[in-house]
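What follows is a short report on a single structure.
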Amino acid sequence: MTSARAHQLGAQLVELDELLATSDAVTIHMPKTPETIGMLGRDAFAKMKETAFVVNVARGGLVDEEALDEALRAGEIGGAAIDVFSKEPATGLSFFDHENVVVTPHLGASTVEAQEKAGVSVAKSVRLALVSELVPDAVNVAGGAIDELVRPGIPLIEKLGRVLAALSTEAFTDIETEAVGEIAEKNVTALQLAALKGVFTDVVTEPVSYVNAPVLAEQRGISTRLSTTTEVEDYRNALTVRAATSSGTNLEVRGTLTGTRQVEKVVGINGYDLEVTLTDHLVVFEYADRPGVVASLGKILGEHSINIAGMQVSQSTKEGRALAVLAIDAALPSGVLDEIAHEVQASLAAEVNLED
């Protein structure tokens, strides 16, 4: 322990001693940790006024129950009020017999108000489960409560996971979920669950949930990790799903939510910067950048009566290549993707269907 830390602890002990010596009532509001167990014991009672009262409604074990009984019998303190105990349900503890002690069962969750709140919480969880959304308080779901800043990112990163899976025909060996910006200050564990659910949704035949998605990754020997940083240059928050394939290929899809309506957008694919609204039907092509490619795309899609709702082309000036992302109104007819890929000599051709 450093001298500065020792000095700080010493100052805190002096303040606690002063509090115990001057207080008419001492109430505990602390979590139960190895450091707080028995924090009010023989030494503490000896420093208190003979008229002082002790109240523990925090956690059982913070008050040394044997020492409390001794202090009451010796008249070192004026009385106590206790509703939490080292072992619950508590029966027959020695200090129960003192007239200056009030004990109540630890039944805070059994009040009318608490039961109503619990019922509302259960109803909300059932509603989420019925529409296949993440139920954060399910006993077998990791992550816990979801912050309101994190919640809108769950459907977004699930879709990003589906886009990532559509970009590859090879098995993944590694999947990374990344959250950057203000959101990184929150608990974003749920985002990793959603990303994994998205990756496997269109890959396996069995139903995929937030519960079994990590299991599916483990069964397939896929390593998973979650990374966060508050440092971001271009967007307030951004989410990325990355993967490595069995052949060593690296893939990534990046997205964000924009505006007051929190519009879901893809803002990066495999190092190409773009900004495309995430619609139900997307097609992605990577090819050597040259004149006539966009015209070829439009011509073939037009011949098959496929309307282009939106399109963006991102160039890689270093490699002379480009990536085109098209939002279309409906799924491509069979064979059209291969036809376009052949026509534009695409090194990557993928269709993404998020409608189901």
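Before moving on, here are some points about what is shown:
- Test result for T240, at pLDDT 95 or above and of a type outside the set (K, R): yes
- Whichever residue in the range 139-162 is more than 30 Å from A244 (Cβ to Cβ) and aliphatic (A, V, I, L, M) and, among such residues, is modelled with the highest pLDDT: A145
- The range 177-189: number of residues that are crowded, with 18+ Cβ neighbours inside 10 Å and either in contact with a Lys or Arg (Cβ under 8 Å, 6 or more places away or on another chain) or not assigned by TED's automatic domain parsing to the domain that holds V241 (or both): 3
- Filtered by the rule that a residue be in a loop (DSSP other than H, G, I, E, B) and either under 20 Å from A322 (Cβ atoms) or not assigned by TED's automatic domain parsing to the domain that holds R220 (or both), the range 238-276 gives T249, N270, G271.
- Flag for R261 being more than 27 Å from L130 (Cβ to Cβ) and of a type in the set (K, R): no
- Residue in the range 201-212 that is at pLDDT below 95, of a type in the set (G, A, S) and in contact with a Ser or Thr (Cβ under 7 Å, 6 or more places away or on another chain) present: no
- Enumeration of residues in the range 42-70 that are part of a loop (DSSP other than H, G, I, E, B) and farther than 17 Å from D83 by Cα: M48, K49, E50, T51, A52
- Unique match (being at pLDDT 90 or above, closer than 29 Å to A118 by Cα and exposed (fewer than 13 other Cβ atoms within 10 Å of the Cβ)) among T27, T22: T27
- Pick from the range 285-333, criterion part of a loop (DSSP other than H, G, I, E, B) and among the β-branched types (V, I, T), ranking: surrounded by the most Cβ atoms within 10 Å (Cβ to Cβ): I306
- Hits in the range 185-237 (condition: assigned to a helix (DSSP H, G or I) and closer than 17 Å to A145 by Cβ): E185, T189, A190, L191, Q192, L193, A194
- Test: T230 is assigned by TED's automatic domain parsing to the domain that holds K197 and modelled with pLDDT under 95: yes
- Pick from the range 30-67, criterion closer than 12 Å to N100 by Cα and buried (at least 19 other Cβ atoms within 10 Å of the Cβ), ranking: nearest to the chain's Cα centre (by Cα): V54
- Residues located in the range 199-254, provided they are without any contact (Cβ under 8 Å) to a residue 24 or more places away in the chain and among the aliphatic types (A, V, I, L, M): V204, V208, A213, V215, L216
The values are calculated or read from the model by the stated rules, or taken from the named source; none is laboratory data. This is a predicted model, so every value here is computed, not measured. Cβ coordinates were reconstructed from backbone atoms using ideal geometry, including for glycine residues, and neighbour counts include every protein chain displayed.
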